[in-house]
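Okay, so here's the structure we're looking at.
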Amino acid sequence: WSPGGMPTCKGESLGGKVTYDICEVSPGPHLNMIIGANGTGKSSIVCAICLGLAGKPAFMGRADKVGFFVKRGCSKGMVEIELFRTSGNLVITREIDVAKNQSSWFINKKSTTQKVVEEQVAALNIQVGNLCQFLPQDKVGEFAKLSKIELLEATEKSIGPPEMHRYHCELKNFREKEKQLETSCKEKTEYLEKMIQRNERYKQDVERFYERKRHLDLIEMLEAKRPWVEYENVRQEYEEVKLARDRAKEEVRKLKEGQIPMTRRIEEIEKQRHVLEARIKEKATDIKETSQKCKQKQDIIERKDKQIEELQQALTVKQNEEHDRQRRISNTRKMIEDLQNELKSAENCENLQPQIDAITNDLRRVQDEKALCEGEVIDKRGEKESLEKERKSVGDNIVRFDNLMNQKEDKLRQRYRDTYDAVLWLRNNRDKFKQRVCEPIMLTINMKDNKNAKYIENHISSNDLRAFVFESQEDMEVFLKEIRDNKKLRVNAVIAPKSSYADKAPSRSLNELKQYGFFSYLRELFDAPDPVMSFLCCHYHIHEVPVGTERTRERIERVIQETRLKQMYTAEEKYVVKTSFYSNKVISSNTSLKVAQFLTVTVDLEQRRHLEEQKLQAVEAGLIALCERNKHLEHKDNELRQKKKELLERKTKKRQLEQKISSKLGRYLSAYLGRGICTSLHIQKVDLILQNTTVISEQNKLESDYMAASSQLRVSEQHFIELDESRQRLLQKCKELMKRARQVCNLGAEQTVPQEYQTAFQDLPNTLDEIDALLTEERSRASCFTGLNPTVVEEYTKREEEIEQLTEELKIKKVELDKYKENISQVKERWLNPLKELVEKINEKFSNFFSSMQCAGEVDLHTENEEDYDKYGIRIRVKFRSSTQLHELTPHHQSGGERSVSTMLYLMALQELNRCPFRVVDEINQGMDPINERRVFEMVVNTACKENTSQYFFITPKLLQNLPYSEKMTVLFVYNGPHMLEPNRWNLKAFQRRRRRITFTQPSQ
């Protein structure tokens, strides 16, 4: 027995065409031929096998409910099947409840579930739902109807290795998932490409947006750093002023300390002078008294003269000596006279002290004036520095005007690159032209008001806006030959009229049109060089086209009828009025004005020229005047000091002369009067006067020095006060700048500058000039990025994230797809090669069977696409006549007998290869002609009765005569009718003995 073979099959209360209560079948291990008349219940055995092995009622094709297979009138039915198993036979029992249409399951008399039974049956490779293994009577016709795919699946399950069908299912699943992944990858790839293409369209706008954002971020950082740089500059200036203030304070302190001994000395000299003057007065009194006494003495002397005469004789002796003495006295007197004369000349300037004091006062006043002048010089220098800053601001304005011009050139470069290149060439080659050549009109026009630019751009064509204007035809030909022919640039050029139209008066005064709301002609809205203005007046009549307001539009019909203007502009529309040539009717048309694009940037050339010519002449002149004044004061100061020096020298010289006179006079008096008391007093007085003069001179010198030191001290104190005020002002400014800088960076009072700001500040300029220049440049660049929509950037960013996500998903999908392809390759190799070998074996058996019947047949593995594993199938092609070709087995092409033969032979081809425990074929020989039926029967006997073949159930209602039989066959006869014995009375052995006796007695008869 093969594992899964069926030693016994028992059924109770089963119903067929003719029903019976109980039936027990004991088949053999090889071919079991069940034969019986129609209606005896052969198919009931087949149904019992199917139902007992957990098959579905639909497998038999007779009923859809299990209760219908129970004998009519019975409420229950039972099927019991014994299956061979090396470890011990398996007895499966199924009890059917008709009323509930339910079944109870038992394995080896133990209750179980249908699922467990199905698992046990499947473990023995029993497939009652497989037509290649279990072919009921009502399903015979359906075998030919099996598609190639279904036939392959049934064959795999029937004779293939256990893993073959599983591999096939895996391949189909893998292939299905592979298709899904391929479709998904394709869809995602297409969607990703669309997303990338869509993002590419907006990439430039996004880059421009981020470029603008970078400029704005840089502007924000520059604006954040600027207060810090300004604070740092003011802080450094504060530190410098504070240092200078400290130095000035120290200088004032030293000057004050230096004046203290001088003041003390002046006070001492003043006291000394008062003492000397008091002593001089005392000596003068003594001299006066002494003079009176001398006069009395002189009277006495005169009285004694007589006595002297008497003594003349005595004196004659000494006359010679006296003569010599007189000569010396005369010489001395002469010398004294000379000195007195000189002293008189000096006494003309006797009162020098008032002059010295006046000069000192003048000198002090000059020094004060000089200090004020120096203060004014400092102020002027500060004013000069502020004006220097203003001049720098003027320079920045000039740069800004240049940037505005650059903006116009940038717009020209972006829109008309060839024209921009031609402008650059023209600027470098103006010497090649004889007369004036104007750059494109859009560059030379300067709007007086930007809001009026739309009128000019709507009135002048874009071709002429970017056209070069020439005064000479020859110049234009040279230009076009170089630009168009040599450089291949597409540019436009026009010639200005020979006679200028620039100043041509309009045909109607603007005052007449003001009542209609017109405020200007087009020509008055902008400035342009004379050739350009002349060209526009000549060709576009800009001096004749008025510009109105909303008021003009409101009364436009009246304007058209009364003014008869050919062209006019309102606030937002352009009107063109024509007169019909045929009907003489007035026809007007209006168009909305387009937004200006090129002329919105205005450069005031007059202001620019004024700014370029503006200088610091007034300040320079004032500064020069102050310097000259300072030099004059220095010169005057030097003159006064020289004059004071000369007076002091004269005063000193006078004192020296007085000293000499006193000396000589002393000698004279000494010689003339002797060493009298009066002479002594005079000498003392002279000494006191000389001492007083010396003291006064020293006092004057000290006072002069003190005044100079005081003047210097006042200047230093004033300088100190100014520095201190400047320090206070700078300190307050520092605090304000620090507060402003913290506000710009959103910092609290105690917070430090964040690291990100510090890092960003390191890459930025460190001076205000560089920061302001860079700010201006960045603002100009940022202003060039117009018309950018943040929504586009958000959508672009969202799409970028989606693209990144899709790319990652696509990558994962591709990895998964590669994995599935690898799995498919591996499983395909394990499935397809054994399958091809199996089909080849089936084909060999099948072809041999057909050859033995003098027919042809073959079996092959068919597929349209090698990768579509769910489309693989087994194709059966047969030929029953030599004159025909092989045709695929179908329900329509072959006859019923031919289909039965083909089916039977295919099943026989599977028999030797089969790994299933048994095979059931029910009445497949119906419809065969006798020849084919005999041939098929022989093949079934020969094949099914071989060693190591599975159990085979062949059910038929009839048999031909003289068929070959095998010892290994088991023939099961099914009898049913009114004269049948009871099952318990049937004795098979007795029947066999009687059968043998009949057989043995027949020859003797």
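A few comments on the model shown:
- Highest mean packing first, where packing is the average number of other Cβ atoms within 10 Å per residue, the peptides 542-548, 482-488, 900-906 line up as 900-906, 542-548, 482-488.
- Dipole size of segment 446-598 about its Cα centre, with +1 on Lys/Arg Cβ and -1 on Asp/Glu Cβ: approximately 540 debye, rounded to the nearest 20.
- Label point at residue 987 placed 7 Å out along Cα→Cβ; residues across segment 21-37 whose backbone nitrogen lies under 15 Å: none
- Over 23 Å between alpha carbons, listed pairs 514/594; 56/871; 828/946; 76/110: 514/594; 56/871; 828/946
- FRET efficiency, 1/(1 + (r/R0)^6) with R0 56 Å, evaluated for residue 792 and residue 147 via beta carbons: 0.50
- Surface accessible to a 1.4 Å probe, residue 980 within the full protein complex, Å²: 90
- Mean Cβ count within 10 Å, highest first, over the residues of peptides 412-425, 437-450, 798-811: 437-450, 412-425, 798-811
- In this structure residue 855 has an accessible area near 20 Å², from a 1.4 Å probe over the protein heavy atoms.
- Furthest towards positive pole of dipole, 832, 758, 789, structure part segment 741-832, Cβ charges: 832
- Between the beta carbons of residue 881 and residue 844, assuming R0 = 22 Å, the FRET efficiency works out to 0.45 to the nearest 0.05.
- For segment 699-838, the dipole from Cβ point charges (+1 on Lys and Arg, -1 on Asp and Glu) about the Cα centre works out to 380 debye, to the nearest 20.
- Magnitude of the charge dipole, segment 73-222, Cβ model with Lys/Arg +1 and Asp/Glu -1, debye to 20: 180
- When all protein chains stay in place and ligands, DNA and RNA are ignored, the 1.4 Å accessible-area order of 920, 275, largest first, is 275, 920.
- The listed residues 290, 549, once ranked by accessible area (1.4 Å probe) with the largest placed first, stand as 549, 290.
- In terms of the mean number of neighbouring beta-carbon atoms within 10 Å, the peptides 887-894, 150-157 order highest first as 150-157, 887-894.
- Averaging Cα coordinates gives a centre for segment 218-243 and one for segment 452-526; these two points are 50 Å apart.
- Size check on segment 446-598: the Cα extents along the three principal axes, sorted descending, read 54, 40, 29 Å.
- Rounded to the nearest 0.05, the FRET efficiency derived from the C-beta distance between residue 773 and residue 591 at R0 = 35 Å is 0.20.
- Options 276, 236, 255, ranked by Cα towards positive dipole end of segment 236-283, top entry (Cβ charges): 276
- The distance between label points at residue 463 and residue 701 comes to 10.0 nm (points 7 Å beyond Cα on the Cα→Cβ vector).
- Within segment 446-598, DSSP assigns beta bridges of which about 75% are antiparallel (rounded to the nearest 5).
- Cα-based Rg and Dmax for segment 799-935, where Dmax is the largest Cα-Cα distance (Å): 22.5, 79
- Pairwise label distance in nanometres, residue 481 with residue 999, each label 7 Å out on the Cα-Cβ vector: 13.2
- Full-extension gain in nm, residue 282 to residue 631, via 0.36 nm per residue minus C-alpha separation: 120.5 nm
The values are calculated or read from the model by the stated rules, or taken from the named source; none is laboratory data. If you're wondering where the values come from, they're calculated on a predicted model, not measured in any experiment. Here the Cβ is made from the backbone with ideal geometry for all residues, glycine too, and neighbour counts use every protein chain on show. Quick note on the areas: whole protein, heavy atoms, side chains included, nothing else; ligands and nucleic acids left out. Shrake-Rupley method; radii C 1.70, N 1.55, O 1.52, S 1.80 Å.
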